[in-house]
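Q: Okay, here's the structure, questions in a sec.
The values are calculated or read from the model by the stated rules, or taken from the named source; none is laboratory data. None of the values given here were measured: they were computed from a predicted structure. Cβ coordinates were reconstructed from backbone atoms using ideal geometry, including for glycine residues, and neighbour counts include every protein chain displayed. With ligands, DNA and RNA removed, areas are computed over all heavy atoms of the protein, side chains included. Shrake-Rupley method; radii C 1.70, N 1.55, O 1.52, S 1.80 Å.
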Amino acid sequence: MPQLSLHSPVGDLTISEENGAIVALDWGWGRDQTPTPLLKKAVKQLNAYFDGKLKAFDLPLAPAGTSFQKQVWKQMNKIPYGKLSAYGEMAAKLKSGARPVGTACGRNHIPIIIPCHRVIGSNGGLGGYSGQGGLETKVALLKLEGAPILL
């Protein structure tokens, strides 16, 4: 599976591609570096995002997951840059509960690009974040976007 890594403000990241789509974004530097056209495009977009110049990613995505998880991730992709949505808000749209939505957020294989960092608790609390650095990384991403967060 082709992979390409980059340095970012939230640590080294490695993007993985399979069958012409992005399937994962992981923290750390990948062992094998294969600069395919899609992975180079993804790195360019991530760098533009971290530079504050990109508000929406335009990449083919194919994260592995259940049909419910894919529905949650699709809803997350609708949250605009710099905006927040509560777990309960998303759950209501999906006719589900907040806890399964939170679980699906935690199983997001393409964080940042699928913006699970934009999902918070109904009381304004941050909830969790499964990426390296946990809540510190979530806060850094929300600050980068200028999102209204309570600390």
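Q: Would you please name the residue that is surrounded by the most Cβ atoms within 10 Å (Cβ to Cβ), looking only at residues in the range 13-42 that are of a type outside the set (Gly, Ala, Ser) and within 14 Å of the chain's Cα centre (by Cα)?
A: ILE15
Q: Could you identify the single residue in VAL23, VAL43, VAL72 that is among the β-branched types (Val, Ile, Thr), in contact with a Cys (Cβ under 8 Å, 6 or more places away or on another chain) and within 16 Å of PRO111 (Cβ to Cβ)? Walk me through how you get there before you give the answer.
A: On the way: VAL23 fails: in contact with a Cys (Cβ under 8 Å, 6 or more places away or on another chain); VAL43 fails: in contact with a Cys (Cβ under 8 Å, 6 or more places away or on another chain).
Just a single option satisfies the conditions, and that option is VAL72.
Q: Going through LYS70, LYS44 one at a time, which residue ends up being basic (Lys, Arg), at pLDDT 95 or above and either within 20 Å of ALA147 (Cα to Cα) or out of contact with any helix residue (DSSP H, G or I) (no Cβ under 9 Å at 6 or more places or on another chain) (or both)?
A: Only one candidate qualifies: LYS44.
So that you can scan it fast, the table gives a plain yes or no per residue for (1) on the phi > 0 side of the Ramachandran plot; (2) in contact (Cβ under 8 Å) with a residue 40 or more places away in the chain; (3) not in a loop (DSSP other than H, G, I, E, B):
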{"position": "ASP32", "(1), (2), (3)": "no, no, no"}
{"position": "LYS41", "(1), (2), (3)": "no, no, yes"}
{"position": "ASN47", "(1), (2), (3)": "no, yes, yes"}
{"position": "ALA56", "(1), (2), (3)": "no, no, no"}
{"position": "GLN69", "(1), (2), (3)": "no, no, yes"}
{"position": "VAL72", "(1), (2), (3)": "no, no, yes"}
{"position": "PRO100", "(1), (2), (3)": "no, no, yes"}
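Q: Another question, then. If only one of SER122, SER96 is in contact with a helix residue (DSSP H, G or I) (Cβ under 6 Å, 6 or more places away or on another chain), open to solvent by 30 Å² or more (accessible area, probe 1.4 Å) and over 30 Å from GLU18 (Cα atoms), which one is it?
A: Working: SER96 fails: in contact with a helix residue (DSSP H, G or I) (Cβ under 6 Å, 6 or more places away or on another chain).
On inspection, the qualifying residue turns out to be SER122.
Q: Now a separate question. Within the set of pairs 6 or more residues apart or between chains, which connect a residue that is basic (Lys, Arg) inside the range 128-139 to a residue that is open to solvent by less than 20 Å² (accessible area, probe 1.4 Å) with Cβ atoms less than 8 Å apart?
A: Pairs that qualify, where the first residue is basic (Lys, Arg) and the partner is open to solvent by less than 20 Å² (accessible area, probe 1.4 Å), are LYS138/HIS117; LYS138/GLY131.
Q: Quick test of your reading of the structure: ILE79 fulfils all but one of (1) under 22 Å from ALA24 (Cβ atoms); (2) open to solvent by 20 Å² or more (accessible area, probe 1.4 Å); (3) touching a residue at least 12 places away in the same chain (Cβ under 8 Å); (4) of a type outside the set (Phe, Trp, Tyr). Name the failing condition by number.
A: (2)
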